[in-house]
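Contents: one structure, followed by commentary.
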Amino acid sequence: HDMTKTGENKKDDLDSDKMEVESKTKLTWKFRVTLEDYLLGIADTTGEMMRLATTCAGAGDQKSPMEILKLVRDLYSILLPVTVRSREWGKKLEVMLASLKKIERLCYKLHIQGREYPPHLLKKILSSTSNSEYNDNDV
């Protein structure tokens, strides 16, 4: 959580109007991220991956959701035994599992319905359900 800014021009260090005018000033940002914050951030990405899988499926892409499913499964299996000193960690794992289950349902539907419908019809079916069935309102 520690963030510092260093620059060559010290006289108006935080005056944003001057910083835009004085664009020749070189700024360097340094972030310190704890291991706990890093792991919490990795856990958060699984929700974004679930949305990406849904978007890909709705666009007719059947391969990407399967690849995303494997990645999220791997992440979950790696992070599940990890102990993090954060009150948020348990909830993050629950949300990660919920995202994983949603991706699994999506891939199951892709696999089953992919055999039953021609690609153009499957795309229409998935794009209509991707906006409601696989969103994260129930996470």
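Read-outs throughout are calculated quantities, based only on the coordinates presented, and are distinct from any laboratory measurement. Bear in mind that the values here come from a model prediction, so they are computed numbers and not experimental data. Ideal geometry is used to build each Cβ from the backbone, glycine not excepted, and the neighbour counts take in all protein chains shown.
Placing R0 at 25 angstrom, the Cβ-Cβ distance between GLU104 and ASP37 gives a FRET efficiency of 0.35 after rounding to 0.05. Within the range 54-112, the trypsin sites (Lys or Arg not before Pro) that combine a DSSP coil assignment with at most 13 other C-beta atoms in a 10 angstrom radius are ARG85, ARG87. Set the bar at 29 Å for Cα to Cα. Now go through LYS63/LYS92; LYS30/LYS101; LYS30/LYS70 and name every pair that lies beyond it. Those over the limit are LYS30/LYS101; LYS30/LYS70.
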